[in-house]
Every structure is written in structure tokens, then in C-alpha cells.
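What follows is a set of notes on a single structure, which appears directly below.
What follows is calculated from the coordinates using simple rules that are stated; it is not laboratory data. Bear in mind the structure is a predicted one, so any value in this text is a computation, not a measurement. Reconstructed Cβ throughout: ideal geometry from the backbone, glycine too, with neighbour counts over all protein chains shown.
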Amino acid sequence: MPRVITSPVKRFPGTVELADPLTFPQVFAFQDSLDAVKTAGEDTYRVNYAALPGIIACVEAWHLEGMPERVTIESFPATPPIAAARLIAWLYGEITKGFQDAEIVPNE
């Protein structure tokens, strides 16, 4: 069942459905994007671009205003730069939270 999250970015209001649980291909794509972000340098555009494949792999559905009908790495908006960066950072953080939640095993 997907996890629905609400965008805090005013330029891109709406919701996103994250896969929950993540599949192995999604986990690998996200981990690969973590590695790519580390080697992207300090150029914000390149860091954001490096994060996108992992983010897009984990999103089941996009319901955000201002986003293309079919979101791909090629169609993801890079401008306005601050709003795009905030959107990517938020998504990155939400997916990371899913990893942290998955590592918590409740006491039985």
C-alpha cells in the first residue's frame, strides 16, 4: 500500500504516493542515487539531478501541480531552482524516513 505524503513546497502543492514497502530494485536505485549524490560535487543542479533516479524509482504516483503528466528524470522541473531543490530534498528525506522506519523492529 503506498504511503501518501503532502508537499510542503508552495510551488508544487499536492501529494505524492511513495511505494511502501520498497522493492529490491527501488532500494538499489535509491542507494545508487546516494552514491551519485556524494560524487556530484557542489553544483546544486548536479546534486539534484543525481538524486532523481532514486527518488523517481520510489514514487508510485505524482499528484503535484506544476509537474508533467509523466515524471521522468528528463521531465522533472529544474526551475524555479529553489522550489525544485526543496521538492527534491523533501522527497529524499521522506524516502529516507521509510528506510529508517523499516529498520525499527517492534518488541514482541
Rounded to 0.05, the calculated FRET efficiency for the beta carbons of D43 and R70 at R₀ = 30 Å is 0.70
Relative to the present Cα-Cα distance, how much length would full extension add between D35 and R11 at 0.36 nm per residue of separation?
5.8 nm
Starting from a Cα-only point model with no solvent, please compute log10 I(q)/I(0) by Debye for the stretch 35-76 at q = 0.13, 0.18, 0.19, 0.20 1/Å.
-0.31, -0.55, -0.60, -0.65
Taking the Cα centre of the chain as the origin, how large is its charge dipole in debye, to the nearest 20, when only Lys and Arg (+1) and Asp and Glu (-1) carry charge on their Cβ atoms?
380 debye
Relative to the longest principal axis of the C-alpha atoms of the chain, give the angle of the C-alpha long axis of helix 44-58, reported between 0 and 90° and rounded to the nearest 10°.
40 degrees
Cα gyration tensor of the chain - equivalent ellipsoid semi-axes, whole Å, descending:
22, 17, 12
Between D20 and E60, what length comes free when the chain is fully extended (0.36 nm per residue of separation minus the Cα-Cα distance, one decimal in nm)?
13.5 nm
Any chance you could give the angle, 0 to 90 degrees and rounded to 10, that helix 81-103 forms with the longest Cα principal axis of the chain?
10 degrees
